[in-house]
Structures are given as structure tokens and as C-alpha cells.
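Enquirer: This is the structure I have questions about; it appears just below.
The values are calculated or read from the model by the stated rules, or taken from the named source; none is laboratory data. Predicted model only: the values in this text are computed from it and were never measured. Counting neighbours? That spans all protein chains shown, and the Cβs are built from the backbone with ideal geometry, glycine included. Only protein heavy atoms, including side chains, enter the accessible area calculation; ligands, DNA and RNA are left aside. Shrake-Rupley method; radii C 1.70, N 1.55, O 1.52, S 1.80 Å.
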Amino acid sequence: MDLSYTDEELAFRDEVRAFMRDELPKEMSDKIRLGDELGKEGQEKWHAILNSKGWLAPNWPKKFGGAEWNAVQRHIFEEEAAAHHAPRIVPFGLSMLAPVLQKFGSKEQQDYWLPRLLEGKDWWCQGYSEPGAGSDLASLKTRAVREGDHYIVNGQKTWTTLGQHANMIFCLVRTDPDVKQQEGISFLLIDMNTPGIEVRPIILLDGTHEVNEVFFDDVKVPVENLVGEENKGWTYAKYLLTHERTNIAGVGFSQAGLNTVKRIARAEMAGGKPLMANPHFAARVAQVEIDLKAMATSNMRIISAAAAGGAPGVEASMLKVKGTIIRQEINDLARRAVGPYAMPFASEAIEGSNEALPDPHEAGPVAAQYFNNRKLSIFGGSNEIQRGIIAKVMMGGGQ
Amino acid sequence: MDLSYTDEELAFRDEVRAFMRDELPKEMSDKIRLGDELGKEGQEKWHAILNSKGWLAPNWPKKFGGAEWNAVQRHIFEEEAAAHHAPRIVPFGLSMLAPVLQKFGSKEQQDYWLPRLLEGKDWWCQGYSEPGAGSDLASLKTRAVREGDHYIVNGQKTWTTLGQHANMIFCLVRTDPDVKQQEGISFLLIDMNTPGIEVRPIILLDGTHEVNEVFFDDVKVPVENLVGEENKGWTYAKYLLTHERTNIAGVGFSQAGLNTVKRIARAEMAGGKPLMANPHFAARVAQVEIDLKAMATSNMRIISAAAAGGAPGVEASMLKVKGTIIRQEINDLARRAVGPYAMPFASEAIEGSNEALPDPHEAGPVAAQYFNNRKLSIFGGSNEIQRGIIAKVMMGGGQ
Amino acid sequence: MNFDLTEERQMLQDSLRRYLREKYSTATRNEILERPNGMSEEVWTQLAELGVIGAMFTEEQGGFGGAGFDIAVVFEELGRAGVIEPFMDSALIGGRILAACDKTDLVEEMIGGGLQLAVAHGEPTSRYDMSHVRTSVDGGKLNGRKAVVMNAENADHLIVSARASGDVADEAGIALYLVAKDAAGLTIQGYPLLAGGRAAEVTLDGVEGELLTEDGFAVLSDVMALATMAQCAETLGAMDTATRLTNDYLGTRKQFGRPIGTFQALAHRMADMLIEMEQARSAVINAAGNLREETRIRDMNISAAKNLLGRAGRLIAEESIQMHGGIAMTQEYELAHIAKRITMADHRFGDTDHHLERFIALSAA
Amino acid sequence: MNFDLTEERQMLQDSLRRYLREKYSTATRNEILERPNGMSEEVWTQLAELGVIGAMFTEEQGGFGGAGFDIAVVFEELGRAGVIEPFMDSALIGGRILAACDKTDLVEEMIGGGLQLAVAHGEPTSRYDMSHVRTSVDGGKLNGRKAVVMNAENADHLIVSARASGDVADEAGIALYLVAKDAAGLTIQGYPLLAGGRAAEVTLDGVEGELLTEDGFAVLSDVMALATMAQCAETLGAMDTATRLTNDYLGTRKQFGRPIGTFQALAHRMADMLIEMEQARSAVINAAGNLREETRIRDMNISAAKNLLGRAGRLIAEESIQMHGGIAMTQEYELAHIAKRITMADHRFGDTDHHLERFIALSAA
């Protein structure tokens, strides 16, 4: 047992820290720290900065131009990125589609799409969820019918994150309606500029436009945009889902959020004393801090096993559940901490009355974030789905 | 809306208070307050005291010698009894069997058994649960076969509370194994002194002997001890279960328990101050007190509706769940409050070293009670069963 | 004991519920939410005509109610429908302060639906401390800054608390002034609120006002007791809607081929929500029914209710969203607004912890 | 980073687990529980031979371990099997105090399994305050009363803390004495414990002892850090048993015609238990791995672990009983004893709230 990083790992951490210090633009980290949106341009700029260092694709093999970091290195990078309020890497193309193309795509697909990803030429979004499917992903209905050199796609996707920025979408579509649900699904790459595609915004309860509905009306997709074999899409989708789980515990985000809570609570006065000195608030903070410390160690245990070649299974589901509970609890503490100033509608209040709020950049976004992050336990396999997986695996007596 | 008692109700409460003050023996209330067992003799003595006042059977119609109180009166009595640390009335004969006999028993059964109940001539226990049945009561296997003027009973009952004191047991037995579970059950009265009956103690985790296993080996029961019709026992059992739910919220017990917690926490010192002044402990106490105040009002709302002729349905299940959560939380607070003195095994420590423990009568039984009262959410329809009932009724759109 | 509503209250509840069900749909409200002034004058007027405002005042004050249960009935219905019009701040808090200060004519105007008020009491550093007033009054001129003043932009008059004497957190020495919307030196910087409606930061720079009372704390503390109880009732109504929406959703929404309410884990959590609804309803009854008891008993019941509603409200808002899934996260769906109302209620009149501490202090007193 | 056990620790764990599984059944333990001295000398000796006691001491002290993970491995196994023999109080706390005071010969005897100790430190009013010592020493004579002294009746020697100077709660001025079991003026009034084993109220009336150290607080605070960590590891083992028993029960017990583990509400609660097991394991690793860090870091990790184990332990003990139903309430069933061990652990070395407060204080420091 040794809970410390090795010398190599420490050296790598120093390198990441130096990079964040020197290369991460301050206006970018300010925006992230204050919960503002970075926008498409800002995001692309950050991708370019990472790419010039060779760090845009941490999990890609070197032969495709990736950094090929192991799990510990990736964790160190994510931890430092969160601590420095760096933007996240938009995962859809780089972390989700790319591994599928690398494993199941044709040589032509790999040669064409992967370099474009690193160069930032495409913005990908994900076409998985459908209205009415929810956690039952395999019940999808979007239909693709082969006609000559094309598939004709009809149907609807939803919860398409940042679809408003995307020029490409990777989709699960039903190519055979007469077999078992999982066996008639294919994986298609679709140009968002094809006629018949319409993107409609979904405004979330905190007023943000993050997700979209995407409608397909007789959309023609060239057959060369089929990934792998027809009707084998479910296999690729499952493969992709295991890659979606990187950084599933969100330790870095929770740590950064907890630091924010403490900063607010040291400044905010309650009954003549700093809120942080109030025993009830302090107890809430301490409890979640204790839980986070433990989860960080669980996370390292799994990462350490993964770096040594072990495959995280049910542990990932455990981290997902506990990780979201902890992050949501921290969001709840932040909204409590700011008192009545939680009530203003942040984005507009900040724009319209920058001077008027006492510390709008701290107080402004916390309540909106609280609401927005309710999604953490819903999307990406709800906590109910994860609990089902955990129970099933454990009661089955093994993984 | 009027949250206060009427003048009549207040007068009744005064009468009950005076009775408790004048008639409840101090050595009896001391035992109850300190969590000691009253024993068979003590219990019978209390029954006799109540009977001489005409209060032994609060829910019986007057024509059978009962008090025929309405729900509010019963509540007032139970509240005062708990506040004065009076023993509970042993419910098996008086509150559970009697209503069944009154509604479904023959004239002969009523004339024979009901007066004996008031006079304390019989100690009844309940033969419902069986090993392996748990919350699935109707799956019972104890078999009764008619042979001439007798039933021959074979099988096993379990969790038979205070069966060690009983001379009579009322039993659910299977008289027809070939029909639907609920349709082949009969309701028998069995003399515990009949050959073939064996009672074995079950010692609970707190060392107490409250419950028993009862074995039946070719036990002969006269047919006149069948209540109502053969194979209709499930109907009577369900009727009985609704009567088992009197005082289901346990408000009075919780209030008495909370008072004990506060008394301990005002005396116990933590870090140089009374534990009650510790903000974390005070917060735990305040929260459960707030919950209890609300539940007491819910209880009164239901009682008030019942007194006006309404039938409590799903509300009883809600009170059962919340009531047990609150009582168990109070038990937990009590064990926390006494600190290291929660560890001694109470019953023996009290006997052996009365002088040695600093306040053994307060500290002694609290941890044992904590463990013993885990049963509250298990027996009498577990909280899981109650939640199922609540959800089913509500999602069915009505009761 | 009697837990039935009086006939009058039952009628008010019925007519109010009917009106809101018919005239205050999600679509209507979402349209109102987008308006620059954050409210609908039409809804305000019609509800005033239905007696919503009159029910908040006693007969001596010119109304026909004013007791705890009158107010609870009104606000539970407003909460059930997620009404964003400023009945709490303008009518109840503003109006009852004026009534306590014998401004009979203005109260009459309020009951008729023709007046808007705002109460500028809280300050940037006061958090939930009712006696924390730094805004000063000197030679009749008000100077200071007021925070998150509800309905300030729409108000015809502002009621402003100011420190006439004493230290920043003293209960004594707080005076209340009536300030006209167009008073010189008054700056109102408005913004929308997450849960609907608008508030503002108010700056007072040598503003003249009419003295309402020199014992402002006593008036505020009585009116805020009313308002806190009303807030609990409003939240109860919103919780009831969240619970009903979730219950309906569990019964109709299918996944893996069956209604999701048949999944036992969800069914049991639904049962827990329903149990907490009963608890919350009883807590509101206790608060409303003890409003005229001695201050300590009154405030213990109010703090108990606000704490319990804070806990139960959080459970119900979060569980309702979680059991709905993504749909509940969208602005278009009724629950999104309702969940925000429930959660943001925790930031008014003292949050869950604030009232737990107050309950502890009052219990020990 | 490396989260694997060393080969030596793995071997110790394996042999200990095997021995306890084979030799320490529920029936055996229930028989031991009834013994007048509350323990089995045979088990004590055999476990000592397996190296259980030696693992608690460093090589300089005559053992072959003594680090956080050595102790954690041992106590997790003892906890898993619900062992009631006094390894915590006699061997770890008693032994390590003697080792810190250079009583080499007695430590050697302890490691060999031939010695029993008791530490008489807590007093009737000290609760969890380690510096609260009222027992006095004057002219070498000890006077006072010690509370819930574990293993007092079996001990060959008692280690007694006494106030040589200062006020009742001062850290300075606490001395430790070694007192023989048959010392004049020593009264031991024993009783059994709910979770097994025995303790006693100890009265000292002019008792003579041998001074071990005048800086008792420093010694106690180091040894109690070890012991608190060991208690967490022991509870972790017990929680693991409770979780395993429940998991097995859910898979085999049938109701309404199917295994109760197929009821989703129970399955999801089982999942929550398993998640908390991971949290608890990590908390123990943090506590064990930071034992040799500076005091503040060490104690923060220990308090974090004790708080987390208190919360997770309560959840797991209560949920295990609830999901089992009545069977778990019976003394004969393994879980009854295990649940008592988990719950009663909250009453040793400071409870959940005590360590939360300590964590808060250390965080603010």
C-alpha cells in the first residue's frame, strides 16, 4: 500500500501544472470558474491549445496522434484541469466517437475523420437518445432504409448536447425492425447540413441552451458513412459507453466546487459570524468533504487497477452514483451559502447589473448550477440504472 | 379549523390524568420508564385496575362491557398512559381477538370468552406468523384436518409474542390446501395446554425473551373452537389486522422517549457543556421533535376523521412508516446521548451493579431498546409492505 | 378538534383553484415569465376580484379574513398553480405593514387591486437576520442599499426600513418609511428571478420618506411571521403539484415495456414523498393554527414548519425531477417551474438551517 | 500509487481469515459470550501464535509490523468474524502504551500471548474527552473512579491515568501508572457488554502504582489514534460481513414466490449499501495510510474515517436487519451479533458527531 504518486507521476503532474499556468488563458478560466458559458469559439481555441501540446486526445493510441496516457496520467490531467478551471474537452468526437472509429471504423474512415478531429475541423454531436426511450436506449425508433448507395433516415433524436454547434452527428438508427431490439441497430455518421435535418433548441430549467432535438426527414446518408457492419451498431454503442465513463467520479469538479463553497462561506456573514463558523453549515461541508476524500481514494484504487490492466466494471457504476450525489450536494451547499442572492436569474442579472450585485460572480450562477446539475444523476445512465447494475452484478455473485 | 380539544375532551383528559395519578402504582410506572419488564403478574394487576374502572376494553361496545370510546378518547387515553409511563394493555385478547369474536363469533363463544377476557382469566397469544412466511402471511402451512368433533392441527407458528405466558392461542390454520391461498384458511381457538403443543423461546438480540416458536404435533381442537365458517379465516384475519392498527403512530411513546433523551442530554456533559447545548446534538433532537409535532397533527387529523365516521385507509400505512422512523430515531438519539455507558448489557448490569453505574437507570436500557425497537419497522406489516400499499393506492388514483 | 375548513374558506379555495386551473396554464405563465415587468396585471386584478387580497386582511382592516387559515388557503392555491404575481410581497407583506401602521386608505386601494408595494428591508449583508439594518436615516433622509427587493420596479410605494438609532443588529431603533416610486435619490436596478417575477437592488441616496413607525421591528416581526407561514403554505401547494405530476407520470410513462411506477424502487420512493406531504401539511396547519398564540409558541411552530418544509420540499423537488428524468429539466414542463419555486422558497424568510437554529433557541428559552 | 497488500500482510490476512472461518463459528462465539470471563483463552493463545499480536508492534518493539496497514489488516479480520476477545484493549492499546513507555519485558510477554492488560482511562463524566481526568495522584497514591474499563477483570495489570497537576480537562499533567490486579484499594465491578466481552467500573482508593510516564496525554493520544484507526478497520470487517449476509439472504430467501433480492426496492438499497462499503474501505485506507503523517493530517484522516464509518455503519447495520426481517433480531443469527458490534463501535473513541466536530476544528486550524 502506498497512497502517494510515484516520482514519474509527480513529474508529470508538474508538467501539467506548468502547462495550465502558462497556456490556459485567464479569460477562459475566469469564465469556467464563474459558471459562464465558453461558447463554440472559446472551446475550439482551447482544443487548439491542447492539440499544439499533443494533449487533445489523451486516450488515443500514439499511432493515431493521441497521448496514450494511462489511467493515472489521465486522472492527474483531469484533476489539474479542474483545479485550474480549465474547460472540459468536448467529449463527443474525441472521447466517444474516436475509440469506435479506431476499433471498428474502416481505414478510410480513420484516415479521414481522426485527423480532422485533432485539427478541430468538425464538431460532433451524439444521436443516441430518443423521445420516450429514456434509460431504455435500445428501444430507439429512428429508421434507416438502404436505397442504393444511400440510407434514408427518418426519426427524431433528443437531448443532443451542443448540437447547435455541430456539423456532424453520429447516430444509432434502426436498420432492421423485425429482429430483437438490440440486433437491428446500425451506427451512422451524418452530415448535419444534409437537407431534411432540423435542430430545435431545448431550453433547460436554468434558462440555458445546452441540448437540442434533432429531426430527420428523408435524410440521405451515403453508405460509406456506416461504421462497421449493418445491424451491429449496438455492439459499438456499448463499446462507446464504456469510454463515456472516463472521469466518471468527477473528483476534480467536486473539489473545485467545494473550494468555491468554502470561499463563499468564509465571506458570507450569518448572525455576526462567517457562515463557515456556523456549526450546522460547517457540519454539512465537513460531511461532504469527508465523503469526497473517501471517494477520491476509491477513484484512485480503480484507476490504479485500471492502469495495471484491470477492467473497471461495477465500480464505475458505484462511482457514478456516489460522484453525482456528492456533486449535487456541493451544488446544494453553494446555493444555501449565498442566502437571498441565490434568487436572481444569474445570466441576465450578471449582464444587466454587473455593478449592482455585491459579488455577483460568486453568487450569480450557483442556484442555476444547482438546477442544471440535477442532470448528472439522470443522463449517461441514470442512478437508478446504475443501482440496478450494481445489485445485479453483486447478487449474481461476481461481475 | 380548530386544533384544540373541546371542553368535553378536556374534561375526559382530566379524568384520565386523575386516574393515572391515583391508580397507577409507582413501582409499575418506574419499571416502564426504565425499560424493565413488567412480567405476567404485573401486567395482570394493571389489567385488573383498568377493569375495575371499566377502561380495560376501550374499543369494545358497551353491550359487551367495553368503554366504547371514540377515536379521540382512545387517543387521549393512550397519550396520557404514555406520558405517565403506564403499561400498555396486552392487545392480543382484548384488542385483536375480541373484535373478531364480537363480529364473527357464535353467541356461545361471545358469552364464554369475552367476560373471561375482562376478568383476566385467559392470557391469549396470536398464532399468525410462520417460519418462512414473513410478510407473506397467506402462505401459511399449519394444517388442520377435521376428524369427527375435532380438528387435528400440525405445524409451527413463530414470533408468538408473550406466548410463554399464554394459556390460549388464536390461530390461522390451513383447512383446504387445494384452493387459492387465501381461501383455505380457518380461524381456530386453541388451548395451550392441549397435548402436542410445545413452546420454545426465541431470545432476541438484546437478550430479551419476548417471542416464541409454537409447535403443533397432532393437537386435538374441538370443532366448537372454530370461529365463524371454515375456510373463511382470511376474512376474519384481515378484519383483525385493521384493529391491530390502533395507536399505530405511537405518538405518546415517541413523546415520552424524546423527553427521556432531553433529560439525559441536559445531564450529560460533552466538552464542558451539557450535551443538549451541543449544536449537532441539538439539531438532531430539534429535527425529530419537529417531525414528531407534525406527525402528531397528522395523527389527530386522522383520528378526528375517524371519530366523525371516516375510515382511515392509506393514512394508517403512512403513520406506521413515519411513526416507526421517528421512534427509531429517538432510540438512536438516546443511545448516542449516553456515550460510553451505552455499552454495558443493561439488564445484567443493573442487577449486578446497581451502585456502580453513574445513572444506570437512565443509561442502562437505551442501547438495548435501540436494538429491540428495530422490530417496529419489521413486525405488523413491514415498512416495505406499507410503502407498497401507499404507492398502490395512490397510483391507483384513490383508495 | 376540527380539521375542516369553514364554508367561506372552502368556497374561496374552490373558486381560486378553479380560476387558476382554467386561466393560469403552463403556457400562460411561461408567457408572463417573459414579460418585462414579470407579472400579469390582468391576473392580479382578477384574483383581487376573487377576494385573494381581501382574505389577507381582517374585517377591521377592511378585508374579510386575515387569520392564519385564510392566508394559508390562499397561498396554498397560489403555490399549487405556481403563481408568480407578487401577492406575497406586495399584498401580504406590504399591505399588512401598512395596515399595522393604520394607512387605511392605501390598504383599501390594495384590497381593490389598484396598488403595488415593495418592502425594502433586507440588505446585501443581512442574509436572514431580520434586525440587521445598516441603511440610515438622518434628518429625515434615507441613505443605504437594499438587496433583492421583490417587486420594486412595479411598486407605487416602497416601504423602507432604516436605522434611526442603535447598532447594526439591534432590534430597537429600526424605523419604517413610506417612499414614493419617483422619490429623488431612489435608484432601482431590477433583474428577473430564477423562480419567476422580478426583484431589484435599491439604492437610497438622501431619499425623503414618510415615517410609518418608529418601532419597525415589532411590525416587521409580526408581518414576517405571517409571511413565513404563508410561504410554507405556498410551498405546500407547489409540493402537492410536484407530487401529483410525478404520481401521474409514474402511472403513464412506460419504460422497458411497463409503467415506470410499477418498478418497486420508484413506487417506494413515491410512497416516501406522499408521507412527507402529510408531514408538510400538518406542519402548515400547526403554523397557521398557532399564529395568534404567544410569540414564542407562534414562532416555534413557524420555524418548525419552515424547517420541515425546507427538508420535505428538497426531497420532493429533487425526487420529482429524478423520477421524471430529462423532461423535468426542460423549461416547458410544468414541474421545472414548480421545482424552482419549491427550492427558491428556501431562500426566503430564513432557510432550513436558520429555522432549525431558531427552533432550538426558542425550545431552550 | 499502489493499493495492493504486501505479501506478508496478505499471508497474515489469509491465515487469520482461514483460522477464524474454521474455528470461530457463530455457535462457538455464542458459547464464549456466555462465559463468566467473556473470552476464550484458547482463541487468544492461538491467535497470538498466528501473529495477530506481533503484527501490532514494530520490530524495535519486538513485533514484526506496527504500521497502519498491519494493524488494519488484523482488525478488519477480527471484525469480519465478530471476535470478542480483547485484542483492541489489552494488546493494542495496553501493549502499545507499555511499548511507548519502554516496558520491553511486558511487551514481549504480551506478544507471546501470556499477558492481559486493561487501560483505565475514561471516567464517568469524561464521555469522549481524552484530556478529561479527575482521578488524582497524590504522594504516589491513586484516587478516583474509572468507567467502562474494558477487560479489567481479566487483566494482570491495569494502566491507570491520573491527574498529577492542572485542571480536570488540561492536556498537561496527566500521568500514567501501572497497577497490579491485586493492588490494595483497587475495586473492580464487572459487567458484560451488549456487543460481547466484559468491562468494569474501577474504583481507586489510595492505590499504589508504578509511574509509566508523566506525559500521559502524548502517549495516549498517539495510541488512541492507532486504536481509533483499528476500530474503523474492525467495523469495516463487520460491515462487510453484514453486507455479505444480507446479499446472500436476498438471493436465497423467497417471498411471494421469488427471491426477495429481485424486488427492486431492496435491490437498490443493497446497491447503496455496497457503495457505502467502498466509501468505508477507502476511508480506512486513508486513515491507515496517513498514520505517520504530521498530527493534524493524521487526525483529520482518522476523524474522517470514524465519522464516515459511523454513518455508513449505521446504514448498513440497520438496513441489514430491516432487509432480513425478524430473523436478524434473534440472538442465534450471526447478523445480530455483527450489527451490535457495528453499532456499539460508535461508542468507542468518540462517536460520529464527536469526530465530525474534531474534523471541523482540524480543518479550520
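Enquirer: When you scan the stretch C:155-209 for strands (runs of 3 or more DSSP E) that lie fully inside it, which ones turn up with 3 or more residues that are more than 14 Å from chain A (Cβ to nearest Cβ)? Step through it out loud before you land on a result.
Expert: Working: elements: C:157-163, C:174-180, C:186-192, C:198-208.
Here the list reads C:157-163, C:174-180, C:198-208.
Enquirer: Of all residues in the stretch A:147-165 being closer than 14 Å to A:PHE216 by Cβ and aliphatic (A, V, I, L, M), which is surrounded by the fewest Cβ atoms within 10 Å (Cβ to Cβ)?
Expert: Once the filter is applied, the top-ranked residue is A:ILE152.
Enquirer: D:GLU332 - would you say it is away from chain A (no Cβ under 14 Å) and surrounded by fewer than 24 Cβ atoms within 10 Å (Cβ to Cβ)?
Expert: The answer is yes for D:GLU332.
Enquirer: Of the residues C:HIS354, C:HIS268, only one is within 14 Å of chain B (Cβ to nearest Cβ), part of a helix (DSSP H, G or I), crowded, with 22+ Cβ neighbours inside 10 Å and in contact with a strand residue (DSSP E or B) (Cβ under 9 Å, 6 or more places away or on another chain); which?
Expert: None of the other options fit; the residue is C:HIS354.
Enquirer: How many of the residues in the stretch D:335-351 are of a type in the set (Val, Ile, Thr) and at the interface with another protein chain (Cβ under 8 Å from one of its Cβ atoms)?
Expert: Going through the stretch D:335-351 one residue at a time, the tally reaches 1.
Enquirer: If you take the residues in the stretch C:1-35 that are of a type in the set (Gly, Ala, Ser) and closer than 20 Å to C:ALA336 by Cα, which one is nearest to the other protein chains (Cβ to nearest Cβ)?
Expert: Checking each candidate, the answer is C:ALA27.
Enquirer: Restricting to the stretch B:216-260, what's the tally of residues that are β-branched (Val, Ile, Thr) and modelled with pLDDT of 95 or more?
Expert: 4
Enquirer: I need the helices (runs of 4 or more DSSP H) fully contained in the stretch C:1-105, keeping only those with at least 2 residues that are buried (at least 19 other Cβ atoms within 10 Å of the Cβ) and among the acidic types (Asp, Glu).
Expert: In the stretch C:1-105, the matching helices (runs of 4 or more DSSP H) lie at C:68-80.
Enquirer: Hey, among C:THR241, C:THR252, C:THR235, C:THR246, which residue is of a type in the set (Ser, Thr, Tyr) and under 25 Å from C:HIS121 (Cβ atoms)?
Expert: Answer to the check: C:THR235.
Enquirer: Another question, if that's okay. One residue is enough: does the stretch A:161-169 have a residue meeting the conditions assigned to a loop (DSSP other than H, G, I, E, B) and under 21 Å from C:ARG253 (Cα atoms)?
Expert: Checked against the condition, which is being assigned to a loop (DSSP other than H, G, I, E, B) and under 21 Å from C:ARG253 (Cα atoms), the stretch A:161-169 yields no hits at all.
Enquirer: B:ASP206 passes all but one of (1) open to solvent by less than 60 Å² (accessible area, probe 1.4 Å); (2) in a helix (DSSP H, G or I); which number fails?
Expert: Going through (1) open to solvent by less than 60 Å² (accessible area, probe 1.4 Å); (2) in a helix (DSSP H, G or I) one by one, B:ASP206 breaks only (2).
Enquirer: Identify, please: which residue in the stretch C:271-306 is without any contact (Cβ under 8 Å) to a residue 40 or more places away in the chain, among the acidic types (Asp, Glu) and more than 20 Å from C:GLU357 (Cα to Cα) and is, among those, surrounded by the most Cβ atoms within 10 Å (Cβ to Cβ)?
Expert: C:GLU278
Enquirer: Something else now. It is to be established whether one or more residues within the stretch C:245-255 are part of a helix (DSSP H, G or I), β-branched (Val, Ile, Thr) and open to solvent by less than 10 Å² (accessible area, probe 1.4 Å).
Expert: Looking only at the stretch C:245-255, we keep the residues that are part of a helix (DSSP H, G or I), and these are C:245-252.
Then drop every residue that is not β-branched (Val, Ile, Thr), which leaves C:246, C:252.
This time we only want the ones that are open to solvent by less than 10 Å² (accessible area, probe 1.4 Å), so: C:246.
Yes, the stretch C:245-255 has at least one match.
Enquirer: Looking at B:VAL219, is it of a type in the set (Val, Ile, Thr) and in a helix (DSSP H, G or I)?
Expert: Numbers: of a type in the set (Val, Ile, Thr): yes; in a helix (DSSP H, G or I): no.
The answer is no for B:VAL219.
Enquirer: Please work out which one of (1) closer than 30 Å to D:GLU357 by Cβ; (2) within 14 Å of chain B (Cβ to nearest Cβ); (3) open to solvent by less than 10 Å² (accessible area, probe 1.4 Å) is the condition D:LEU315 fails and give its number.
Expert: Exception for D:LEU315: condition (3).
Enquirer: Then there's this: Could you say which residue among A:ALA267, A:ALA308, A:ALA277 is modelled with pLDDT under 95, within 14 Å of chain D (Cβ to nearest Cβ) and surrounded by fewer than 20 Cβ atoms within 10 Å (Cβ to Cβ)?
Expert: From the options A:ALA267, A:ALA308, A:ALA277, the qualifying one is A:ALA308.
Enquirer: Could you tell me whether the stretch D:146-155 includes any residue that is more than 29 Å from B:ASN278 (Cα to Cα), among the aliphatic types (A, V, I, L, M), out of contact with any Pro (no Cβ under 7 Å at 6 or more places or on another chain) and at pLDDT 95 or above? Give the steps one after another, and end with the answer.
Expert: The initial filter retains those residues of the stretch D:146-155 that are more than 29 Å from B:ASN278 (Cα to Cα), namely D:151-155.
Checking the rest, the ones that are also among the aliphatic types (A, V, I, L, M) come to D:152, D:155.
Those still in the list that are out of contact with any Pro (no Cβ under 7 Å at 6 or more places or on another chain) too: D:152, D:155.
Checking which are at pLDDT 95 or above leaves us with D:152, D:155.
Yes, some residue in the stretch D:146-155 is more than 29 Å from B:ASN278 (Cα to Cα), among the aliphatic types (A, V, I, L, M), out of contact with any Pro (no Cβ under 7 Å at 6 or more places or on another chain) and at pLDDT 95 or above.
Enquirer: Now for a separate question. Would you check if there is a residue in the stretch D:137-151 being closer than 27 Å to B:PHE345 by Cβ and away from every other protein chain (no Cβ under 14 Å)?
Expert: Keep residues of the stretch D:137-151 that are closer than 27 Å to B:PHE345 by Cβ, which gives D:144-151.
Then drop every residue that is not away from every other protein chain (no Cβ under 14 Å), which leaves none.
Taking every residue of the stretch D:137-151 in turn, none turns out to be closer than 27 Å to B:PHE345 by Cβ and away from every other protein chain (no Cβ under 14 Å).
Enquirer: Every residue in the stretch C:106-123 that is farther than 18 Å from C:GLU153 by Cα and part of a loop (DSSP other than H, G, I, E, B), please.
Expert: Residues satisfying the conditions do not exist here.
To keep it simple, each residue is scored yes or no on (1) under 24 Å from the mean Cα position of the chain (by Cα); (2) aromatic (Phe, Trp, Tyr); (3) open to solvent by 20 Å² or more (accessible area, probe 1.4 Å).
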position	(1), (2), (3)
C:ALA155	yes, no, no
C:ASP167	no, no, yes
C:LEU194	yes, no, no
C:ARG198	yes, no, yes
C:GLY216	yes, no, no
C:ALA225	yes, no, no
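Enquirer: Out of the residues in the stretch A:76-128 that are over 13 Å from the mean Cα position of the chain (by Cα) and of a type in the set (S, T, N, Q), which is least open to solvent (accessible area, probe 1.4 Å)?
Expert: My answer is A:GLN109.
Enquirer: Turning to a different aspect of this structure: Scan the stretch A:182-208 and report the pairs whose first residue is without any contact (Cβ under 8 Å) to a residue 24 or more places away in the chain and whose second residue is open to solvent by 20 Å² or more (accessible area, probe 1.4 Å) and in a loop (DSSP other than H, G, I, E, B), with Cβ atoms within less than 8 Å and a gap of 6+ or a chain change.
Expert: Listed by first residue and then by second, the contacts come to A:ILE203/C:GLN331; A:ILE203/C:GLU332.
Enquirer: Do we find that C:ALA162 is modelled with pLDDT of 95 or more, open to solvent by less than 10 Å² (accessible area, probe 1.4 Å) and over 15 Å from the mean Cα position of the chain (by Cα) in this structure? Full working, then the answer.
Expert: Numbers: modelled with pLDDT of 95 or more: yes; open to solvent by less than 10 Å² (accessible area, probe 1.4 Å): yes; over 15 Å from the mean Cα position of the chain (by Cα): yes.
So C:ALA162 passes the test.
Enquirer: If you check A:TRP69 against the conditions, is it at pLDDT 95 or above and outside any helix (DSSP H, G or I)?
Expert: No: the conditions fail for A:TRP69.
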